[in-house]
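The values are calculated or read from the model by the stated rules, or taken from the named source; none is laboratory data. Owing to the predicted nature of the structure, the values given are computational and were not obtained by experimental measurement. In this analysis, Cβ positions are derived from the backbone assuming ideal geometry, glycine residues included, and neighbour counts consider all displayed protein chains. What goes into the accessible areas is simple: the full protein's heavy atoms, side chains included, and nothing from ligands, DNA or RNA. Shrake-Rupley method; radii C 1.70, N 1.55, O 1.52, S 1.80 Å.
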Amino acid sequence: MPLHWKLVIDCTDPHRQAAFWAAALEYALEDHGPLVTRLLAAGAVGPEATTEVDGHPAWRTLAAVRHPEDPFDPASDTGLGRRILFQAVPETKQVKNRLHLDVHPGPDARAATVTRLEALGATVLRDVAEPGGAWTVMRDPEGNEFCVH
């Protein structure tokens, strides 16, 4: 039986990263507020584990996005399919990613997608044109590389 998985990305500001990638991929930004509220009320977590984001409670060091058509747990808003979790770590990015996302809007939409992602806070590193294809290498707001094909 195949294993369920999620991609976890270390970052400095998980809420900023989740907001960027939710907009970039047109994914749903998970709202863990009701779960956080329930766990605080039950005394299962302390307030030091939480913060407030856009007026609702959230995990201080975690935020996630999920594919809007995939199943999710309505009690926690946690995605059960394609999902990216952003977790705060104390160190900043030091070297090139060993793993990165490729975004595929298609060749006719690549330029418009790059422009849209720049408006969201990404930056262009370089354009690549090889016999096997063309793409744009970009960085998200925290410097993680990704490609737009």
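Being farther than 21 Å from Glu145 by Cβ and of a type outside the set (Phe, Trp, Tyr) is the requirement here; does Asp10 meet it? Considered against the rule, which asks whether it is farther than 21 Å from Glu145 by Cβ and of a type outside the set (Phe, Trp, Tyr), Asp10 comes out as no. Being open to solvent by 40 Å² or more (accessible area, probe 1.4 Å), closer than 20 Å to Val36 by Cα and hydrophobic (A, V, I, L, M, F, W, C): is that true of Ala75 here? It is true that Ala75 is open to solvent by 40 Å² or more (accessible area, probe 1.4 Å), closer than 20 Å to Val36 by Cα and hydrophobic (A, V, I, L, M, F, W, C).
Of the set (1) closer than 27 Å to Arg98 by Cα; (2) at pLDDT 95 or above, all apply to Leu3 but (2). Among the residues of the stretch 24-38, the ones that are under 16 Å from Leu7 (Cα atoms) and open to solvent by 60 Å² or more (accessible area, probe 1.4 Å) come to 1 in all.
Listed here are the residues, each with its yes/no results for (1) part of a loop (DSSP other than H, G, I, E, B); (2) open to solvent by less than 70 Å² (accessible area, probe 1.4 Å); (3) β-branched (Val, Ile, Thr); (4) without any contact (Cβ under 8 Å) to a residue 24 or more places away in the chain.
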{"site": "Leu3", "(1), (2), (3), (4)": "yes, no, no, yes"}
{"site": "Gln17", "(1), (2), (3), (4)": "no, yes, no, no"}
{"site": "Trp21", "(1), (2), (3), (4)": "no, yes, no, no"}
{"site": "Pro57", "(1), (2), (3), (4)": "no, yes, no, no"}
{"site": "Ile84", "(1), (2), (3), (4)": "no, yes, yes, no"}
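The residues in the stretch 56-72 that are at pLDDT 95 or above and either within 16 Å of Val36 (Cα to Cα) or in contact with a Cys (Cβ under 9 Å, 6 or more places away or on another chain) (or both) can be counted, and the count is 8. Residues that are without any contact (Cβ under 8 Å) to a residue 24 or more places away in the chain, in contact with a Ser or Thr (Cβ under 6 Å, 6 or more places away or on another chain), open to solvent by 50 Å² or more (accessible area, probe 1.4 Å) and closer than 16 Å to Ala19 by Cα are absent from the stretch 120-127. When the stretch 106-118 is filtered for residues that are within 22 Å of Ala19 (Cβ to Cβ) and either open to solvent by 50 Å² or more (accessible area, probe 1.4 Å) or aromatic (Phe, Trp, Tyr) (or both), the ones remaining, listed by number, are Ala112, Thr115, Arg116, Glu118.
Of the residues Glu69, Glu48, the single one that is part of a helix (DSSP H, G or I), acidic (Asp, Glu) and more than 13 Å from the chain's Cα centre (by Cα) is Glu48. Residues that are touching a His at 6+ places or on another chain (Cβ under 9 Å) and part of a loop (DSSP other than H, G, I, E, B) were ranked within the stretch 128-149; the one that is most open to solvent (accessible area, probe 1.4 Å) is His149.
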